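Okay, so here's the structure we're looking at.
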Amino acid sequence: MKTLIICESTHHGNTKKLCDAITADEKDVTLWENGRGEIPWEDYDLIGFASGIAFNKFYPAIIKAAESIPAGKLVFFLYTCGKNSQDFSEQLAGIVEARGCTVLGSYGCKGFDTYGPFKLIGGINKGHPDRAECDGAVKFYRKLKKD
Ligand SMILES: Cc1cc2nc3c(=O)[nH]c(=O)nc-3n(C[C@H](O)[C@H](O)[C@H](O)COP(=O)(O)O)c2cc1C
């Protein structure tokens with residue numbers, strides 16, 4: 001089974017760290033960054049959507065990509081956020097399910113955040129995602145593929 005992770009990580013590259021940890025560990029994963037060109041959906045069975053969170057949502061480019069996914073794909077979500085207080089993937093899950101795809105799960109953790117007033121104090125969540133959180137993303141992916 002081949003995997004494509006579509007990633008947008010524009011704030012500090014936090015979410016890309018999770019993606020890089022997975023691609024370093026797993027040989028069958030391709031990273032598709034920043035909406036470059038046409039997404040080659042047909043070459044992949046398992047699709048990951050990866051993004052920071054802005055205003056409680058995945059980034060617009062990722063939502064747009066999800067809105068064009070073909071039916072029949074298996075899907076998972078990766079995200080980093082300032083406050084990891086809820087599962088931010090619910091909106092996207094609804095979008096891909098409505099298009100006939102199956103959601104396998106989501107993994108989210110804290111990411112360095114200097115948005116708005118946080119900039120004045122040097123940001124929050126410095127050093128996140130950290131090693132343990134990146135390892136957590138790898139474990140999440142391995143389990144997803146096994147089940
Ligand atoms: C414009 C903007 C809006 C944000 N809104 C939220 C939010 O609603 N909830 C949250 O938990 N974090 C929020 N954050 C923090 C980011 O989700 C967090 O820093 C994330 O790790 C950035 O990921 P990236 O470096 O992969 O882009 C926001 C950041 C920015 C720049």
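No lab work stands behind these numbers, since they all come straight from the coordinates. Everything quoted here is computed from the prediction, not taken from an experiment. Glycine also receives a Cβ, built like all others from the backbone with ideal geometry; neighbour counts cover every protein chain displayed.
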Once both label points are put 7 Å beyond Cα along the C-beta direction, the L120-K57 separation in nm becomes 2.7 nm
CD proxy at 222 nm, helix term only [per DSSP H run n ≥ 4: -39500 (n - 2.57); per residue of the chain; nearest 500]: -9000 deg cm²/dmol
Count the DSSP beta bridges whose two residues both fall in the chain, then state the antiparallel fraction as a percent rounded to the nearest 5. 10 percent
Give me the number: length gained by fully extending K27 to D43, i.e. 0.36 nm times residue separation minus the C-alpha to C-alpha distance, one decimal in nm. 4.2 nm
Taking R0 as 41 Å, what FRET efficiency do you get between R131 and R99 from their Cβ-Cβ distance, rounded to the nearest 0.05? 0.70
So what's Rg/Rh here for segment 3-146, counting alpha carbon atoms and using the Kirkwood radius for Rh? 0.95
Built amide H within the under 5 Å cut-off of K110, gap 5+: C81
Would you look at the GNM of the chain, springs on alpha carbons closer than 10 Å, and say which of L46, L92, L104 moves the most? L104
